[in-house]
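Participant: Sharing a structure below in structure tokens format, with a few things to ask.
The values are calculated or read from the model by the stated rules, or taken from the named source; none is laboratory data. Everything numeric in this text was worked out from a predicted model, so none of it was measured. Glycine gets a Cβ as well: all are built from the backbone with ideal geometry, and neighbour counts include every protein chain shown.
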Amino acid sequence: MRYSSNNDLAGTKQAMAATYKTLVVLTAATATLTRGKVYDVLVGTNGTPADNPMEFDISRQTAAGTATAITPVSLEPGDRAAGTVGAANATAEGTITATSSVFYIGLNQRASYRWVAAPGSELVFPNTNLAGLALRARSATYTGTATGQMYHEE
Amino acid sequence: MLRPGGFTFAFDYDGNVHEGETFMCGHCGGHKHVKPFERPEDIGGLCKCCMKPICPRCVELGDCDPLEKKLDRWEKFGIG
């Protein structure tokens, strides 16, 4: 079953800074521990276009920060609710495992970017409580907001 | 690569689309960009135990710890 999560679903997008801001995070839910696989990621910005450096990263998270809860949207209306918990637009970062980045890209702020996994090469997170993948962004000069979208299957 | 692990699309402000490919590290599950026909030793290395391409960070660790075993371990004992 496939689900869509992005940081436009709920919460207030946070201004970029030199330190990472979590856009979207997907974690295994306590009640329905499920292994999830992220197979499609889209990132971009929605501020005034300018030439600024942007960095996007997906790392493993082991404890939740402070973020607005989102419900992953089922891509097929008949499917059950996701066994994964989503959160977006963190105001306090969760606990990120050091050197656990599974995806990293530097972009011009004017550009947007999409990554699609080949079957069998998805970004997998374990069915461990609160463990998951955090899509984060930062910029040394851009102080507008960024957009992030992750599709996952479980 | 012969069988890339992912496909990338970067959309420029002027409408150009730049396509690329990534490979998945067999140990950490991370994705790195690769050039067409790039050799395993140039993108990190090829693990001779699990016969999967691995990233430079996992090459430095020097042991074979496949992602699937890691996931099983994390699910049993937690990430730590």
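Participant: Among strands (runs of 3 or more DSSP E) lying entirely in the range A:35-114, which contain 1 or more residues that are under 16 Å from the mean Cα position of the chain (by Cα) and either at the interface with chain B (Cβ under 10 Å from one of its Cβ atoms) or closer than 18 Å to B:E21 by Cα (or both)?
Facilitator: On the way: elements: A:36-45, A:53-63, A:66-70, A:84-92, A:103-108.
It comes to A:36-45, A:53-63, A:103-108.
Participant: OK, next. If you scan the range A:120-133, which residues turn out to be more than 7 Å from chain B (Cβ to nearest Cβ) and free of Cβ contacts under 8 Å to residues at least 60 places away in the same chain? I'd like the intermediate steps shown before the answer.
Facilitator: If we filter the range A:120-133 for residues that are more than 7 Å from chain B (Cβ to nearest Cβ), which is where we start, we get A:120, A:122, A:125, A:129-130, A:132-133.
The one that is more than 7 Å from chain B (Cβ to nearest Cβ) and free of Cβ contacts under 8 Å to residues at least 60 places away in the same chain: A:G120.
Participant: Go through the range A:1-26 and count every residue that is touching a Lys or Arg at 6+ places or on another chain (Cβ under 9 Å), under 23 Å from A:Y104 (Cβ atoms) and surrounded by fewer than 18 Cβ atoms within 10 Å (Cβ to Cβ).
Facilitator: Of the residues in that region, 4 qualify.
Participant: More than 10 Å from chain B (Cβ to nearest Cβ), assigned to a strand (DSSP E or B) and modelled with pLDDT of 95 or more, is that true of A:G148? Before the answer, list the steps.
Facilitator: Details: more than 10 Å from chain B (Cβ to nearest Cβ): yes; assigned to a strand (DSSP E or B): yes; modelled with pLDDT of 95 or more: yes.
Yes, satisfied.
Participant: Of all residues in the range A:6-34, which are part of a loop (DSSP other than H, G, I, E, B) and hydroxyl-bearing (S, T, Y)? Steps first, please.
Facilitator: Initial filter on the range A:6-34 (part of a loop (DSSP other than H, G, I, E, B)): A:7-20, A:29-34.
Correct list: A:T12, A:T19, A:Y20, A:T30, A:T32, A:T34.
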